[in-house]
Amino acid sequence: MENEVKKGTAIFETVKALIIAVILSLVSVLLAALVIKLFNLGNGAIPIINQVIKGVSILLGCLIAIKSKHNSWLKGIVIGILYIALSFVIFSLLDGEFSFGLGILNDVALGSITGMVSGILAGLKKQR
């Protein structure tokens, strides 16, 4: 089957990074909710925690999945944008409503920049 996604291709790396990042986000959001409830943090901390979770998820997804140095920055941008889109859909479904606004544009911009930097870092890491 020549249409299979082969291990080591850009598509395989992108899908793997997306899956890793989304799983990390889901787990991190659950842990963050527990910490917010236990320590009675105010609502002002939630947007900051959400941005940190998104950034760290994209970073770890790229670092784990991107193996080739070729265009790693571009792969990172694509991963960041796709992650933001996928996480928006998943968390909107969990919330029960889709609300579009300037916040999603902010997330796309930050996701693409975080993805680019993460892709560059993934391309610079030593191959094992």
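The values are calculated or read from the model by the stated rules, or taken from the named source; none is laboratory data. All values reported here derive from a predicted model rather than from experimental measurement. Note that we place each Cβ from the backbone using ideal geometry, even for glycine, and neighbour counts take in every protein chain shown.
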### Message
Considering only residues that are of a type in the set (F, W, Y) and closer than 18 Å to L30 by Cα, which ones fall in region 84-101?
### Response
F88, F91
### Message
Regarding region 98-118, can at least one residue be identified that is in a helix (DSSP H, G or I), touching a Gly at 6+ places or on another chain (Cβ under 7 Å) and without any contact (Cβ under 8 Å) to a residue 40 or more places away in the chain?
### Response
yes
### Task
Could you grab me the full set of residues in region 44-83 that are in a helix (DSSP H, G or I), touching a Ser or Thr at 6+ places or on another chain (Cβ under 8 Å) and free of Cβ contacts under 8 Å to residues at least 60 places away in the same chain?
I53, G55, V56, S57, G61, A65, G76, I77, G80, I81
### Summary
Per the filter on region 56-101, residues farther than 14 Å from L121 by Cβ, among the polar types (S, T, N, Q) and buried (at least 20 other Cβ atoms within 10 Å of the Cβ) are S57, S87
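Which of the residues belonging to region 61-72 are more than 16 Å from L110 (Cβ to Cβ) and out of contact with any Asp or Glu (no Cβ under 7 Å at 6 or more places or on another chain)?
At the first step, the residues of region 61-72 found to be more than 16 Å from L110 (Cβ to Cβ) are 63-72.
Across region 61-72, the qualifying residues are L63, I64, S68, K69, H70, N71, S72.
Tell me whether region 108-121 contains one or more residues that are at pLDDT 90 or above and surrounded by fewer than 15 Cβ atoms within 10 Å (Cβ to Cβ). Let's see the steps before the verdict.
Narrowing region 108-121 to residues at pLDDT 90 or above: 108-121.
After this cut, where a residue has to be surrounded by fewer than 15 Cβ atoms within 10 Å (Cβ to Cβ) as well, the list is 109.
Yes, because at least one residue in region 108-121 is at pLDDT 90 or above and surrounded by fewer than 15 Cβ atoms within 10 Å (Cβ to Cβ).
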### Query
Here are some conditions: (1) farther than 21 Å from A10 by Cα; (2) at pLDDT 95 or above. L82 meets all but one. Which one does it not meet?
(1)
